[in-house]
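Everything on this sheet refers to the single structure shown next.
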Amino acid sequence: MRLIPLIAALCTAASNAIASPDFWASEWPNTDFEQTSVESWGDILSGGPPKDGIPALDNPKFKPASEENRLTPREPVITLEIEGELPRAYPIRYLTWHEIVNDEVGGIPVAVTFCPLCNSGITFDRRTEAGVLSFGVSGKLRNSDMVMYDRQTESWWQQAIGEGIVGELTGMELDSLPSWMESWEAFTTRNPDGLVMDQPNHRRNYGANPYVRYDSSSRPFLYSGELPPHDIPALARVVRVGDRAWPLTRLAEQGEVMEEGVTLSWTEGQASALDTDRLAAGKEVGNVRVKNAAGADLPHDVMFAFAFHAFWPEGEWMLGQ
């Protein structure tokens, strides 16, 4: 695996000492480390960047999809369609460098999140029992997955499961909203009048992939947990719906799978964001939609197999016959 020099340097930085509440408290004086669901502090590692070293975005600007001239047809975006609002596309070329977008759509405060190391792209409702939260990137990883933090209490949140794991809001869960990763072409074909998030005002090499050939690696970055069962490669993509996972290869072979009250469909046309040095040129991973019996989109995630096994160790693997 070849990474840009910054990421390679961060790997060395992250291998420092075993973490503990005392170790993190000096960096996070406003976080209540006495409240936590983390069983082993050694599971939390520094990914290298400090708090907000990966800057989350707030109140992003949008423009009509018809005016977009940077994206290419196979580039991935996260699509959010809320009834009564123009559909919105959040390009992965921007989320790769920012990981969280705090937005509001149709009066609903949302956090659109993407963890490149787990290929996990989930949209959360930011309304909670503790009020409306806004999120930043902590710079920490657990099971190679991004640890977010809320700016109101500086509690830590596990992105893959949308749950508070350290601090005042430990145990609180965020509601996931139906969103999905698809190609820019798929989005514009269905939504020619949709909106797309405009390029942020940051100095980043947007469109580049700092995790070259990552999804061809045999082991995840900064991960020491168990590998998936059934001889499934650690960085194979699976479609997670609740606590079940369908291998993406199965969907690609069958085109459509109807099981457990859900319909999962696959069509070609989306490039992997974690393959070649340019997102647009990545290998084929296809577009996935997940709907219920009534045809409504369901919250789901297309994540790496190791991450599903790490966070849902008792989860069900839908391997088919």
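The values are calculated or read from the model by the stated rules, or taken from the named source; none is laboratory data. Not measured: the values here are computed from a predicted model. Reconstructed Cβ throughout: ideal geometry from the backbone, glycine too, with neighbour counts over all protein chains shown. These accessible areas exclude ligands, DNA and RNA; they are computed on the full protein's heavy atoms, side chains included. Shrake-Rupley method; radii C 1.70, N 1.55, O 1.52, S 1.80 Å.
Screening Asp145, Asp150 for residues that are touching a helix residue (DSSP H, G or I) at 6+ places or on another chain (Cβ under 8 Å) and either closer than 30 Å to His309 by Cβ or open to solvent by less than 40 Å² (accessible area, probe 1.4 Å) (or both) leaves exactly one candidate, Asp145. Screening the candidates Leu264, Leu274 for the property of being of a type outside the set (Ser, Thr, Tyr), open to solvent by less than 40 Å² (accessible area, probe 1.4 Å) and assigned to a strand (DSSP E or B) yields one hit, Leu264.
Within region 41-50, is even one residue farther than 15 Å from Pro178 by Cβ and at pLDDT 95 or above? No. Within region 23-39, take every residue that is within 24 Å of the chain's Cα centre (by Cα) and among the polar types (S, T, N, Q) and give me the one that is nearest to Leu95 (Cα to Cα). Among residues in region 23-39 that are within 24 Å of the chain's Cα centre (by Cα) and among the polar types (S, T, N, Q), the one nearest to Leu95 (Cα to Cα) is Thr31. Of everything in region 13-31 that is in contact with a Leu (Cβ under 9 Å, 6 or more places away or on another chain) and either at pLDDT 95 or above or open to solvent by less than 40 Å² (accessible area, probe 1.4 Å) (or both), the residue that is nearest to Thr170 (Cα to Cα) is Ala19. Here is the figure for region 31-66: residues that are out of contact with any strand residue (DSSP E or B) (no Cβ under 9 Å at 6 or more places or on another chain), assigned to a loop (DSSP other than H, G, I, E, B) and touching a residue at least 40 places away in the same chain (Cβ under 8 Å) total 0. For region 285-309, a residue qualifies if it is open to solvent by less than 40 Å² (accessible area, probe 1.4 Å) and either in a helix (DSSP H, G or I) or touching a Leu at 6+ places or on another chain (Cβ under 9 Å) (or both), and the qualifying residues are Val285, Gly286, Val288, Val290, His300, Val302, Phe304, Ala305, Phe306, Ala307, Phe308, His309. Scanning region 40-68 for residues that are open to solvent by 30 Å² or more (accessible area, probe 1.4 Å), under 21 Å from the mean Cα position of the chain (by Cα) and among the small types (Gly, Ala, Ser) yields a single hit, Gly53.
Looking only at residues in region 201-231 that are among the aliphatic types (A, V, I, L, M) and open to solvent by 30 Å² or more (accessible area, probe 1.4 Å), the one that is farthest from Trp266 (Cα to Cα) is Leu222. Just name the residue that is nearest to Gln321 (Cα to Cα) out of those in region 233-247 that are open to solvent by less than 30 Å² (accessible area, probe 1.4 Å) and in a loop (DSSP other than H, G, I, E, B). Across region 233-247, the extreme among qualifying residues is Ala236.
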